[in-house]
1. Pop the C-beta distance of residue 236 and residue 181 into the FRET formula with R0 = 30 Å and round what comes out to the nearest 0.05.
2. Computed from the coordinates I sent, Cα extents along the principal axes in Å equals one of [x] 58, 53, 40; [y] 89, 57, 44; [z] 71, 47, 31. Tell me the label.
3. Taking only C-alpha pairs under 8 Å that are 6+ residues apart, what is the relative contact order of the range 1-144 in percent?
4. Identify the residues of the range 12-38 with backbone N under 17 Å of a label point that sits 7 angstrom from the Cα of residue 248 along the Cα-to-Cβ direction, or state none.
5. What does the helix-only formula give at 222 nm for the chain: each DSSP H stretch with n ≥ 4 adding -39500 (n - 2.57), the total divided by the residues, and the result rounded to the nearest 500 deg cm²/dmol?
6. With a cut-off of 8 Å between alpha carbons and a minimum separation of six or more residues, what is the relative contact order of the range 5-322 in percent?
7. Starting from the Cα-Cα distance between residue 36 and residue 171, subtract it from 0.36 nm times their residue separation and give me the gain in nm to one decimal.
8. Just subtract the alpha-carbon distance of residue 299 and residue 102 from 0.36 nm times their residue separation and send over the number in nm, one decimal.
């Protein structure tokens, strides 16, 4: 089972105490076997992981833990069987004791794009909103962060993260099974907050931006990565149906529009640092994500469009500061 007692005790002695007080009830509710029928088998896979001691680890590019020589052939086989019970693996890549987890996303590419534009993470307390299985949380820690907390409501991602952390349990990184709407108001506790791939899933983007602002200390930095469109101030795409086969995409603003939203929601020093069209080499089906992926969501005759006829995915990166 996943034990959060040490983290809750740690948070209760920090500015995050108001959150620590409600976390036990949130965790119990959000990791409920009654709500998630597959959770029992995912936790069984977690419990079946072999006990191994990595001789080395690195939190760069491919998050890598241990070498093949750190385990027997039988232990490696059991480890891979357990990891595969959590397919699909979306964010990565990871390497565990010689097993390469080739995830759907080359999340390292996104990280390398944004890293030159943000404040150094050394000794910072960081929140990663909608963090998935925590790949980017590990990269934040690799940049010298003091403490990293990710939040994501998906139990599958939570268990995937803990399968990795089992072998690096001493490190100051955790993921909690909550959404941003469950955080107490006006925490004002984090030096840096990341929101990557979340904004377009929110029915009210303004509320999301205000929630992000409330997590930051005055002067803290927001890194926002989201789908955008080419366009002028005031323009946004609001798909009437699906977007790239996703049925929960609400708003894709232009870059000038999103800058305006950020300023209206209490941020200054807002910078749009660039955008990249998502390629089928960055998001694709693999042996660890065996379902349809980006190539299936684009118009086969014109890959500049989605199958619904919308502009193909363009992901923009924005950096902003909470006003002091």
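1. Numbers: r = 22 Å, r/R0 = 0.73.
Given R0 = 30 Å and the Cβ-Cβ separation, E is 0.85.
2. Here the calculated entry is [x].
3. 18
4. Under 17 Å, as judged by backbone N against the label point of residue 248, lie 30-32, 35-38 of the range 12-38.
5. Values: 10 runs with 94 residues, N = 324.
Computed mean residue ellipticity for the chain: -8500 deg cm²/dmol.
6. Working: 637 pairs, mean separation 49.3, N = 318.
Result for the range 5-322 is 16 percent.
7. Working: separation 135, 0.36 × 135 = 48.60 nm, distance 2.83 nm.
Difference between extended and current length: 45.8 nm.
8. On the way: separation 197, 0.36 × 197 = 70.92 nm, distance 2.52 nm.
Difference between extended and current length: 68.4 nm.
Values in this text are rule-based calculations from the coordinates and carry no lab data. Not measured: the values here are computed from a predicted model. Ideal geometry is used to build each Cβ from the backbone, glycine not excepted, and the neighbour counts take in all protein chains shown.
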